[in-house]
Amino acid sequence: MRRFSVVLILSVVAYIVVTFFITLWRSPFNLTTLIASAYEDGLVVGRNPGKAAEWYLSAAEKGDRLAQFKLGLIEYYGRGVEVDRPKGLQLISESAEHGNPDAQYFMGVSSIAGLEIPRDFTQAATWFRKAAEQGHAKSQRQLASLYYKGSGVEADPRQAFNWASKAAAQGDNEALTLLGNLYLFGHGVSADPQQAVKLLTQAATAGDSQASGMLGAAYFNGVGTGIPKDLPAALHWYTRAAEQGDAKAQFVLGNLYSSGTDVPVNYPLANRWLLQAALQGHAVSLVTLAVHLDNGQGFEKNKRKACGLLRVALKQTLPDNIAGPMRVELEKEEKTLSPEQLTEVLAMEKLYSSPAGLRELQGDLTSEQIAKPAEPTG
């Protein structure tokens, strides 16, 4: 029996070795690049970014464009070497010029973000197109988005639909969301709310928060005769988006649970979501929290804290129909305060101007039971 075990082990080892060499033989990448990747990812050998850089450099000097791109990333982000963004970007740019789609995508994103190079949407579109025509899914989605917004290219919903379809067919979740949006509003394709919801549900289930938010809006408002209003489903998808950090969804939930128009009022739950949105810079959420503090809605009533928070909100960009009345109201309220109380307002303004200080509002939430959001129907 022991002899058979030894034979089995040797056979397995031989199989692994043979499979490994067949993989190397069939791989489109040269051996030097594969060794570099092994060091970079910690496969077979220990993870060692510095060693990976040495092997990538050796391969890049022999004309391997993937190795050149990988080396560029190592230099750009300082993985195992000193950060050298100009050198890294130069290597990535050269790889992109020679046709590497991953490098072209990186250059497109850099052109939009203005990282180390001037912000240029037209140049971004050029890079994305080069990669998209090679089947690069993320570049196809980015190109679709540029056509949809008319950034760097002339707005063209049909081109947006074309490229989004290609990316979505490769499983790109954000492309599915964009495609769902195009079907929902009939941009570049005939409007089809049911197909839109199908695509958005697929993207949302895979984790795309924007798709979840769009589903929340679609079910909350209803879309034609195909998608009737469904409040439990709307709350479910809005909550899913909010839990994934979508500030708009967090604000919507805060508004829904405090207005009492469509769901029972629950100020503590409303304030919880409004605070999460406010921490992401959502100015209207700050205003709403200030009003709730002033009225004692889900908070212990505190006019000084409310005024301090409203001061912070008014320093941010707000719609004119909100900013104007709030400035008038703040001035009116502060006229009723004593000099000592105004000093406290200034202290609260300073405190709430930082995320850490703003989080202290969590301690002011009342202990009222927070209701669970409704489950979706169907």
So the check is Cβ under 7 Å with 6+ separation or different chains; which pairs have a first residue in region 349-378 that's within 30 Å of Tyr219 (Cα to Cα) and exposed (fewer than 14 other Cβ atoms within 10 Å of the Cβ) and a second one that's among the charged types (D, E, K, R) and modelled with pLDDT of 80 or more? Thr377/Asp230
Return only the number of the condition from (1) out of contact with any Asp or Glu (no Cβ under 8 Å at 6 or more places or on another chain); (2) not in a helix (DSSP H, G or I) that Gly152 does not satisfy. (1)
Restricting to region 107-126, name every residue that is open to solvent by 30 Å² or more (accessible area, probe 1.4 Å), assigned to a helix (DSSP H, G or I) and modelled with pLDDT of 95 or more. Val109, Ile112, Phe121, Thr122, Gln123, Thr126
So is Val265 over 24 Å from Tyr148 (Cβ atoms), of a type in the set (A, V, I, L, M, F, W, C) and open to solvent by 10 Å² or more (accessible area, probe 1.4 Å) or not? yes
Among the residues of region 127-142, write down those that are open to solvent by 60 Å² or more (accessible area, probe 1.4 Å) and in contact with an Asp or Glu (Cβ under 9 Å, 6 or more places away or on another chain). Lys138
Looking only at residues in region 166-186 that are free of Cβ contacts under 8 Å to residues at least 24 places away in the same chain, surrounded by fewer than 19 Cβ atoms within 10 Å (Cβ to Cβ) and not aliphatic (A, V, I, L, M), which one is nearest to Tyr219 (Cα to Cα)? Phe185
Among the residues of region 82-91, is there at least one that is within 21 Å of Trp127 (Cα to Cα), assigned to a loop (DSSP other than H, G, I, E, B) and open to solvent by less than 90 Å² (accessible area, probe 1.4 Å)? no
Of the residues in region 187-219, those that are open to solvent by less than 40 Å² (accessible area, probe 1.4 Å) and either of a type in the set (S, T, N, Q) or touching an Asp or Glu at 6+ places or on another chain (Cβ under 8 Å) (or both) come to Gly188, Ala203, Asp208, Ser209, Ser212, Gly213
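Taking the criterion of being assigned to a loop (DSSP other than H, G, I, E, B), touching a helix residue (DSSP H, G or I) at 6+ places or on another chain (Cβ under 7 Å), β-branched (Val, Ile, Thr) and over 24 Å from Asp208 (Cα atoms), would at least one residue in region 187-194 satisfy it? Walk me through how you get there before you give the answer.
Of region 187-194, the ones assigned to a loop (DSSP other than H, G, I, E, B) are 187-192.
Add one more test, that the residue is touching a helix residue (DSSP H, G or I) at 6+ places or on another chain (Cβ under 7 Å), and what stays is 187-189, 191-192.
Keeping just the survivors that are β-branched (Val, Ile, Thr) gives 189.
Cutting the leftovers down to over 24 Å from Asp208 (Cα atoms) gives us none.
Checked region 187-194: no residue is assigned to a loop (DSSP other than H, G, I, E, B), touching a helix residue (DSSP H, G or I) at 6+ places or on another chain (Cβ under 7 Å), β-branched (Val, Ile, Thr) and over 24 Å from Asp208 (Cα atoms).
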Looking only at residues in region 334-356 that are within 39 Å of the chain's Cα centre (by Cα) and of a type in the set (A, V, I, L, M), which one is farthest from Arg311 (Cα to Cα)? Ala356
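For Val328, state whether it is surrounded by fewer than 21 Cβ atoms within 10 Å (Cβ to Cβ), in contact (Cβ under 8 Å) with a residue 12 or more places away in the chain and among the β-branched types (Val, Ile, Thr). Working first, answer last.
Values: surrounded by fewer than 21 Cβ atoms within 10 Å (Cβ to Cβ): yes; in contact (Cβ under 8 Å) with a residue 12 or more places away in the chain: no; among the β-branched types (Val, Ile, Thr): yes.
The answer is no for Val328.
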Do we find a residue being among the hydrophobic types (A, V, I, L, M, F, W, C), closer than 23 Å to Leu314 by Cβ, in contact (Cβ under 8 Å) with a residue 40 or more places away in the chain and not in a helix (DSSP H, G or I) anywhere in region 262-285? yes
Number of the condition not met by Pro193 [criteria: (1) in contact with a strand residue (DSSP E or B) (Cβ under 6 Å, 6 or more places away or on another chain); (2) on the phi > 0 side of the Ramachandran plot]: (2)
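The values are calculated or read from the model by the stated rules, or taken from the named source; none is laboratory data. Just so we're clear, the structure is a prediction, and the values are computed from it rather than from any experiment. We place every Cβ from the backbone using ideal geometry, glycine too, and count neighbours over all the protein chains shown. Keep in mind that these areas ignore ligands, DNA and RNA; they rest on the heavy atoms of the full protein, side chains included. Shrake-Rupley method; radii C 1.70, N 1.55, O 1.52, S 1.80 Å.
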